[in-house]
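Quick notes on the structure that follows.
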Amino acid sequence: MNKVSVELGDRRYPIYIGDKLLAQNDLLVSLLNGRQVMVVTNTTVGPLYLDKIVTQLKDFDTLVIELEDGEQYKTLDTVNSIFGSLLEHRFSRNSTLIALGGGVVGDITGFAAACYQRGIHFVQIPTTLLAQVDSSVGGKTGVNHPLGKNMIGAFYQPQGVIADTSVLTTLPGREVNAGVAEIIKYGLIYDPGFFEWLEVNLGSLKRYDEQALNHAIQRSCEIKAEIVSADEKEAGLRAILNFGHTFGHAIEAGCGYGRYLHGEAVSIGMCLASELSYRLGLISLQDVTRCIHLLKRCGLPVTIPEQLSTDDYLRLMAVDKKNMNGEIRVIVLNSIGRACLPQPIDPALLGKTIDEYAACRAS
Ligand SMILES: NC(=O)c1ccc[n+]([C@@H]2O[C@H](COP(=O)([O-])OP(=O)(O)OC[C@H]3O[C@@H](n4cnc5c(N)ncnc54)[C@H](O)[C@@H]3O)[C@@H](O)[C@H]2O)c1
């Protein structure tokens with residue numbers, strides 16, 4: 001078992017990573033507070049892994065909530081239903097919520113824990129690769145509003161994260177790839193050596209080789225933990241975690257949520273952000289090709305959707321949270337392994353980058 005620590009003073013917490021961690025009784029119990037525990041999961045993950053959790057909680061007053069599966073249930077209504085159960089069963093401030101599932105379950109549960117009686121303990125047991133390397137780490141919790149994704153939320157850190165790599169064997173391949181996109185992002189923004197490691201070891205990772213999987217998850221969590229420790233509330237450095245996301249969000253929103261998985265849209269977004277970095281004179285054409293090639297080898301999309309025009313991108317990118325004073329700001333690369341803080345980008349250059357990338361780069 002590997003352990004990464006998120007260093008946030010008296011709110012520091014461990015991320016445990018390894019095979020079959022859900023079978024290790026003492027691990028989960030060591031993170032609980034009080035006798036009352038609610039496990040929040042969904043109708044897909046519950047039947048697969050809930051038993052493993054509940055058997056560890058024999059000595060606790062345990063309640064289980066199984067949510068419907070899907071991003072469309074990441075709403076205040078769902079959070080309110082969790083509050084209802086907690087109140088009905090008289091959960092006190094001295095209780096713990098456990099999130100068992102992917103990023104959707106984690107974000108909902110974390111937000112419920114942040115709000116219930118002004119904050120109770122919670123533990124993340126992420127069951128998708130994306131949740132293990134990204135959403136369960138760093139304390140962003142929240143739900144969607146009809147007028148915007150992730151618009152209602154709180155920064156709220158868990159007591160700990162248990163990332164059991166054996167649960168990934170039941171995850172659909174497309175979901176695995178979406179997680180690998182975020183892993184590649186960490187190499188691109190923060191660690192050239194890790195990017196090179198991924199170029200060499202992608203095959204092993206995709207074959208679920210235990211050592212490769214553990215290393216990729218651990219290094220991703222270390223990088224995210226380091227960035228979050230330096231800038232918990234995204235006043236500066238943390239913004240680089242959004243590399244590829246400004247284009248990616250435009251693609252998700254413009255094509256309709258559901259056509260692309262988040263990691264797939266981010267994959268195309270990272271290609272466009274690399275192309276933009278090249279056009280700004282920051283990285284070489286060879287670097288752009290390395291980025292596209294690695295994502296393509298992983299089975300991730302790298303071509304931009306035909307249905308979106310350049311004007312669509314500019315319109316959609318204009319509503320990004322990183323923008324300031326009416327300027328579109330994008331994270332670009334200084335080199336492979338080093339991202340710059342968000343830069344204001346001339347819309348004419350953005351348009352040219354999108355047009356020319358579509359015409360010549362990704363075929
Ligand atoms: N909080 C953050 O910092 C942060 C970061 C990135 C993304 N997010 C959020 O995370 C969400 C996306 O998370 P996700 O990609 O994990 O999607 P998800 O939670 O929807 O999970 C994807 C699918 O896989 C299923 N699943 C989960 N674990 C499984 C397993 N082991 N075996 C079989 N099926 C399994 C789920 O039921 C679901 O159908 C979005 O809502 C996004 O906004 C949050």
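What the table below lists for this structure:
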{"quantity": "Where labels lie 7 Å past Cα in the beta-carbon direction, separation of residue 30 and residue 201 in nm", "calculated": "2.4"}
{"quantity": "Integer Hz, Karplus 6.51/-1.76/1.60 couplings in order for segment 69-74, x for Gly and Pro", "calculated": "8, x, 4, 5, 9, 7"}
{"quantity": "Per residue convex hull volume, Cα atoms of the chain, in Å³", "calculated": "124"}
{"quantity": "Efficiency of FRET from Cβ geometry, residue 155 and residue 51, R₀ 35 Å, rounded to 0.05", "calculated": "0.60"}
{"quantity": "Accessible surface, 1.4 Å probe, highest first, among residues 58, 3, 52, 322", "calculated": "58, 3, 52, 322"}
{"quantity": "Approximate spin-label separation residue 77-residue 233, in nm, with each point projected 7 Å along Cα-to-Cβ", "calculated": "3.3"}
{"quantity": "Heavy-atom SASA rank of 282, 349, 48 (probe 1.4 Å, accessible area, largest first)", "calculated": "48, 282, 349"}
{"quantity": "Segment 192-221 versus segment 258-313: alpha-carbon centroid distance in Å", "calculated": "21"}
{"quantity": "Set of aspartates and glutamates near residue 322 by C-alpha distance (under 13 Å), chain-local residues within fewer than 8 positions excluded", "calculated": "234"}
{"quantity": "Gain upon complete extension [residue 117, residue 296; 0.36 nm per residue less C-alpha separation]", "calculated": "59.8 nm"}
{"quantity": "Length added when fully stretched, residue 5-residue 145, from 0.36 nm per residue minus Cα-Cα", "calculated": "47.2 nm"}
{"quantity": "Fraction of antiparallel bridges per DSSP, segment 77-162 only, in percent to nearest 5", "calculated": "40"}
{"quantity": "Where 109, 62, 55 fall by accessible area, highest first, once all protein chains stay in place (1.4 Å)", "calculated": "55, 62, 109"}
{"quantity": "Within segment 26-43: backbone nitrogen closer than 15 Å to the residue 58 label point (7 Å, Cα to C-beta)", "calculated": "26, 29"}
{"quantity": "Sequence-distant residues sharing a close amide H with residue 323 (under 5 Å, placed H)", "calculated": "329"}
{"quantity": "Qualifying trypsin sites (Lys or Arg not before Pro) in segment 170-211, DSSP loop, other Cβ atoms within 10 Å at most 16", "calculated": "207"}
{"quantity": "Amide H within-cut-off set for residue 97, under 5 Å, with H built and near neighbours excluded", "calculated": "38, 121, 122, 123"}
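The values are calculated or read from the model by the stated rules, or taken from the named source; none is laboratory data. This structure is a prediction, so every number in the text was calculated from the model and none was measured. Glycine gets a Cβ as well: all are built from the backbone with ideal geometry, and neighbour counts include every protein chain shown. These area figures cover heavy atoms from the full protein model, side chains too; ligands, DNA and RNA do not enter into them. Shrake-Rupley method; radii C 1.70, N 1.55, O 1.52, S 1.80 Å.
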